[in-house]
Amino acid sequence: MKIVGIVLADEQEKKEIAGIPVVCEYGDMMEYIRRNVVDEVFVHLSSQTNLPINKIIKELEVMGVTVDLNINVFEMEIPVQREIERIGNYYTVSFSPKIHSFKQIFFKRVMDIVGAIVGLLITGIVTVFLAPALLIESPGPLFFSQVRVGKNGRRFKIYKFRSMYMDAEERKKELMSQNEMEGLMFKMENDPRVTKVGKFIRKTSIDELPQFWNILKGEMSLVGTRPPTEDEFLQYEGYHRRRLNMTPGLTGLWQVSGRSDTKNFEEIVAMDVEYIDNWSLKEDIKILFKTVGVVLKGKGAS
C-alpha cells in the first residue's frame, strides 16, 4: 500500500508526519476525498473519541470508498460487507459495499486482456476502410481523445474514432440549452456537430472500437460503468462518486437494460450502483452477449 495523505482528528498544526503530507483539516476531509484519487481510508482513533465514527463510515461507503477501521475502537452495526485486514502493524475491519476475491479480479482482468487483443485486431481492419471516408468528409485527426474520470477519480484519455467536426468541443457550450439529459450528462439526439459518417459509426458503435486500447492498458474494462467527463465529475455529489467504484467499461448494464434511452442521470447512477453491488463474472459475460445483440440491432449510442 502507498499512503498518500493524512488527516488529523485534532487541531495540531502539522504539515507532514514521517514524510507523509497532512492533506487537509478534518472538516474538509469528505470534500478532499470526493475530489481526489482515494482508494481506501484507514481510520485510527481511540475508543474515547467524540468523533461521529458511524457517520464517517456511512459517508465514505456512500461514495464507494473502502474504509479500514481500527478493530479496537468498538463494534458497529453497519449494513455493509466487512473483512479482517492487516495494514502495517494494525489489524483492521475493512467496510466495503462489495468485497471481491483476488481470483474474481484476476479472471476479470484476463478476460479484458483477451477481449482487448481481439478487439484491437478488429479495430485495425475497420480503420483501413473507415479512415478514407471519415477524413474526406471532415479533414483532421482520425481519432478523438478526451480526458475522462475512471476508477475512484483516476484521470485517463479515452479514445474513439472521431465522429464530430473539429470544433465540436467549442460548440458544445452553445448547445447546452438543448441538452436532453436531466442531470450531469450531455446528450442530444440530432447533434449538429456529428458528421454523416459519424452518425453511422455511432449508430453501429464502431466509434467505440479504439477503446480496446484503454482496456488493454487497464484504464477500462470490457464491462463496467461509463466514465464521466471532468466537468461532469466536478459537479458530482458524494453518492454519485459510488459509480466510479469499479473500473469503467466499454459496455454495461445501462446500455443493455432496455433503458439506454433514459434521460435521467439519477436513473443511470442507480443502474450503475446496481451493477456494482451485484457484480460477478457471470453477469459480465451475460452483459457482453446482450451487447452484441444490441449492436447488431443498430441501437448503439447516438
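The values are calculated or read from the model by the stated rules, or taken from the named source; none is laboratory data. It should be emphasised that the depicted structure is a prediction, and the values quoted were computed from it without experimental measurement. Backbone-built Cβ (ideal geometry, glycine too); neighbour counts: all protein chains shown. Side chains included, ligands, DNA and RNA excluded: accessible areas come from the protein's heavy atoms. Shrake-Rupley method; radii C 1.70, N 1.55, O 1.52, S 1.80 Å.
Beta carbons closer than 9 Å, at least 6 apart along the sequence or on distinct chains, pair a first residue in segment 91-111 that is within 17 Å of Asp284 (Cβ to Cβ) with a second that is among the basic types (Lys, Arg) and open to solvent by less than 50 Å² (accessible area, probe 1.4 Å) for His100/Lys108. The C-beta contact set for segment 221-235 (first residue closer than 11 Å to Gly150 by Cβ, second residue of a type in the set (Gly, Ala, Ser) and open to solvent by less than 30 Å² (accessible area, probe 1.4 Å), distance under 7 angstrom, 6+ apart or interchain) comprises Ser221/Gly249; Gly224/Gly249; Gly224/Gly252; Thr225/Gly249; Thr225/Gly252; Arg226/Gly252; Pro227/Gly150.
In a residue-by-residue description of segment 145-161, the property of being modelled with pLDDT under 85 and outside any loop (DSSP other than H, G, I, E, B) applies to no position. Got at least one residue in segment 232-248 being in a strand (DSSP E or B) and out of contact with any Pro (no Cβ under 6 Å at 6 or more places or on another chain)? No, that holds for no residue. Residue count for segment 30-51 under the criterion of being open to solvent by less than 60 Å² (accessible area, probe 1.4 Å) and assigned to a loop (DSSP other than H, G, I, E, B): the result is 5. Gly27 meets the conditions (1) at pLDDT below 85; (2) open to solvent by 60 Å² or more (accessible area, probe 1.4 Å); (3) of a type outside the set (A, V, I, L, M); (4) closer than 25 Å to Asn245 by Cα in every case but one. The failed one is (1). What about Asn72, is it at negative phi, open to solvent by 60 Å² or more (accessible area, probe 1.4 Å), among the polar types (S, T, N, Q) and modelled with pLDDT of 80 or more? Answer is no for this residue.
Determine whether Leu222 is open to solvent by 10 Å² or more (accessible area, probe 1.4 Å), part of a strand (DSSP E or B) and closer than 19 Å to Lys157 by Cα. It is true that Leu222 is open to solvent by 10 Å² or more (accessible area, probe 1.4 Å), part of a strand (DSSP E or B) and closer than 19 Å to Lys157 by Cα.
What about Ser205, is it among the small types (Gly, Ala, Ser), touching a Ser or Thr at 6+ places or on another chain (Cβ under 9 Å), at pLDDT 70 or above and closer than 30 Å to Val273 by Cβ? So Ser205 fits the description; yes.
Leu253 fulfils the conditions (1) open to solvent by 50 Å² or more (accessible area, probe 1.4 Å); (2) free of Cβ contacts under 8 Å to residues at least 40 places away in the same chain except for a single criterion, (1).
If you go through segment 199-219 and keep only what is outside any loop (DSSP other than H, G, I, E, B) and farther than 19 Å from Gln255 by Cβ, you end up with Trp213, Leu216, Lys217.
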